[in-house]
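Questions regarding the structure given below will be posed in turn.
The values are calculated or read from the model by the stated rules, or taken from the named source; none is laboratory data. This is a predicted model, so every value here is computed, not measured. Here the Cβ is made from the backbone with ideal geometry for all residues, glycine too, and neighbour counts use every protein chain on show.
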């Protein structure tokens, strides 16, 4: 069970949890305060991790309305994985990190990858912790150099060089680490370095950016396990943003979702993915816009192998969204009572008072946990500041916006 951070003053920890919950931010303190309340999804997640650690990459798709606790649940799952030794990354789908761009998704995952108790990105930590004389490094090098890995020669070459330069050439070791994390590496410099250690002239054929990103993902996952992590968990939040892409970019996004969910990273690559998106996406985008028919038809009309392959992958992605989304369950009376009592205790500890009972919102099946939480906290704030005041909270729903936005297809730098 996750607990509040005891390394700081209890009142400060409680205040941080309250402020995060008030803002709807799934911070560590906020998640520790409430837990998840999604036992069935936790069980599926544990099964997913067990399967991935056993060599079968796979994914889990979560669905819920705005404010239902999707981000909160992702943070809770992250803490479970971290406590079990996993490497965990968080990728928020955005203009800067579009799901249809594997290179940007990989970079976001690499930059945010952490293991419990580590300060640096996990790929760097893993590389620096490798026993270069041990079996794990030898197995990793053998795999990277094999045809079965599907990796460009750059990976086996840089891995061999890293063993030579890690302790005596920090600058070039850093260049290799940046390459593994998403930066380019100069081929002439790589050839020169290999010649210095007596390696034959490698082929180092060119590789497309998209394919290189996918190879980096596979390599990094194997590197992390060589350093002792059971696997790499990548958590994707706000996936519904793909509904605002153009038709072609939606198609690519559906295909990428299918790739992650089906674990198409190669045999023995330990990657688990969890996606969170709004529960009305299928109805509002796939069905209302007729993506199920229009997307594959437009791609197949190109009459190219690439178009046909993308159409098939996009269809798989849409089918996954339609049939394999695990919906968050609304809070029941037991969970609401637990949350209310826990928050009342936290509010009292945070502000040094005894919060009275407040009414909050009427308990209806359509009301989401975030709405209950914010109502309770806001009413306690008002009563604390204005003793004798009896607040009443009204709730207004804001519908999701799935209108296409061409600006989402390019980043600020582009």
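Going through region 192-207 one residue at a time, which ones are farther than 27 Å from residue 268 by Cα, touching a helix residue (DSSP H, G or I) at 6+ places or on another chain (Cβ under 9 Å) and surrounded by fewer than 19 Cβ atoms within 10 Å (Cβ to Cβ)?
First, pick out the residues of region 192-207 that are farther than 27 Å from residue 268 by Cα: 192-201.
Then keep just the ones that are touching a helix residue (DSSP H, G or I) at 6+ places or on another chain (Cβ under 9 Å); that gives 193-194, 196-197, 199-201.
Answer for region 192-207, where residues must be farther than 27 Å from residue 268 by Cα, touching a helix residue (DSSP H, G or I) at 6+ places or on another chain (Cβ under 9 Å) and surrounded by fewer than 19 Cβ atoms within 10 Å (Cβ to Cβ): 196, 197, 199, 200, 201.
Sticking with this structure for a sec: Counting only residues that are in contact (Cβ under 8 Å) with a residue 24 or more places away in the chain and surrounded by fewer than 23 Cβ atoms within 10 Å (Cβ to Cβ), how many does region 53-70 have?
Step one: list which residues in region 53-70 are in contact (Cβ under 8 Å) with a residue 24 or more places away in the chain, which gives 53, 55-70.
Right, trim to surrounded by fewer than 23 Cβ atoms within 10 Å (Cβ to Cβ) and you get 53, 55-56, 58-61, 63, 65-67.
Within region 53-70, residues that are in contact (Cβ under 8 Å) with a residue 24 or more places away in the chain and surrounded by fewer than 23 Cβ atoms within 10 Å (Cβ to Cβ) number 11.
Which of the residues that make up region 281-298 are in contact with a strand residue (DSSP E or B) (Cβ under 9 Å, 6 or more places away or on another chain) and buried (at least 19 other Cβ atoms within 10 Å of the Cβ)?
Going residue by residue through region 281-298, those that are in contact with a strand residue (DSSP E or B) (Cβ under 9 Å, 6 or more places away or on another chain) are 281-282, 284.
Within region 281-298, 281, 282 meet the criteria.
With within 29 Å of residue 77 (Cβ to Cβ), in contact (Cβ under 8 Å) with a residue 24 or more places away in the chain, out of contact with any helix residue (DSSP H, G or I) (no Cβ under 8 Å at 6 or more places or on another chain) and not assigned by TED's automatic domain parsing to the domain that holds residue 76 as the only criterion, which of 129, 136 stands out?
Numbers: 136 fails: out of contact with any helix residue (DSSP H, G or I) (no Cβ under 8 Å at 6 or more places or on another chain).
Just a single option satisfies the conditions, and that option is 129.
Answer with yes or no whether residue 47 is at pLDDT below 90 and out of contact with any strand residue (DSSP E or B) (no Cβ under 8 Å at 6 or more places or on another chain).
Taking the combined requirement at face value, the residue does not satisfy it.
Right, next: Consider residue 378 carefully, then state whether it is modelled with pLDDT of 90 or more, surrounded by 14 or more Cβ atoms within 10 Å (Cβ to Cβ), in a helix (DSSP H, G or I) and out of contact with any strand residue (DSSP E or B) (no Cβ under 6 Å at 6 or more places or on another chain). Full working, then the answer.
Numbers: modelled with pLDDT of 90 or more: yes; surrounded by 14 or more Cβ atoms within 10 Å (Cβ to Cβ): yes; in a helix (DSSP H, G or I): yes; out of contact with any strand residue (DSSP E or B) (no Cβ under 6 Å at 6 or more places or on another chain): yes.
So residue 378 fits the description; yes.
Among residues belonging to region 315-329 that are assigned to a loop (DSSP other than H, G, I, E, B) and touching a strand residue (DSSP E or B) at 6+ places or on another chain (Cβ under 6 Å), point out the one that is nearest to residue 36 (Cα to Cα). Spell out the reasoning first.
Of all residues in region 315-329, those assigned to a loop (DSSP other than H, G, I, E, B) come to 324, 328-329.
So of that shortlist, the ones also touching a strand residue (DSSP E or B) at 6+ places or on another chain (Cβ under 6 Å) come out as 324, 328.
On the way: 324: 21, 328: 10 Å.
Top of the filtered list is 328.
So, one more: Please state which of the following conditions residue 260 fails to meet, knowing it meets all the rest: (1) within 30 Å of residue 223 (Cα to Cα); (2) modelled with pLDDT of 95 or more; (3) touching a helix residue (DSSP H, G or I) at 6+ places or on another chain (Cβ under 7 Å).
Of everything listed in (1) within 30 Å of residue 223 (Cα to Cα); (2) modelled with pLDDT of 95 or more; (3) touching a helix residue (DSSP H, G or I) at 6+ places or on another chain (Cβ under 7 Å), residue 260 misses just condition (3).
Taking the condition modelled with pLDDT of 95 or more, under 28 Å from residue 132 (Cα atoms) and in the same structural domain as residue 84 (by TED's automatic domain parsing), does residue 243 pass? Working first, answer last.
Values: modelled with pLDDT of 95 or more: yes; under 28 Å from residue 132 (Cα atoms): no; in the same structural domain as residue 84 (by TED's automatic domain parsing): yes.
Against the criterion (modelled with pLDDT of 95 or more, under 28 Å from residue 132 (Cα atoms) and in the same structural domain as residue 84 (by TED's automatic domain parsing)), residue 243 does not qualify.
Give, as residue ranges, the helices (runs of 4 or more DSSP H) completely inside region 198-314 that count at least 2 residues that are closer than 19 Å to residue 94 by Cα. Explain how you work it out, then say what you get.
Details: elements: 209-226, 247-261, 291-300.
Here the list reads 209-226, 247-261.
Confirm whether residue 62 is in the same structural domain as residue 224 (by TED's automatic domain parsing), modelled with pLDDT of 95 or more and not in a helix (DSSP H, G or I).
On the way: in the same structural domain as residue 224 (by TED's automatic domain parsing): yes; modelled with pLDDT of 95 or more: yes; not in a helix (DSSP H, G or I): yes.
Yes, satisfied.
Turning to a different aspect of this structure: Looking at region 97-180, what helices (runs of 4 or more DSSP H) fall wholly within it and have at least 2 residues that are within 26 Å of residue 85 (Cα to Cα), at pLDDT 95 or above and in contact with a strand residue (DSSP E or B) (Cβ under 7 Å, 6 or more places away or on another chain)? Walk me through how you get there before you give the answer.
Values: elements: 102-112, 122-129, 135-145, 153-165.
Those helices (runs of 4 or more DSSP H) span 102-112.
Would you tally the residues in region 78-88 being surrounded by 23 or more Cβ atoms within 10 Å (Cβ to Cβ) and over 13 Å from residue 117 (Cβ atoms)? Reasoning before the result, please.
First, the residues of region 78-88 that are surrounded by 23 or more Cβ atoms within 10 Å (Cβ to Cβ): 81, 86-88.
Filter once more, keeping what is over 13 Å from residue 117 (Cβ atoms): 81.
So the answer is 1.
To continue, here is another question. Might you check whether a residue that is closer than 24 Å to residue 255 by Cβ and assigned to a helix (DSSP H, G or I) occurs anywhere in region 49-57?
So far as region 49-57 goes, yes, one or more of its residues are closer than 24 Å to residue 255 by Cβ and assigned to a helix (DSSP H, G or I).
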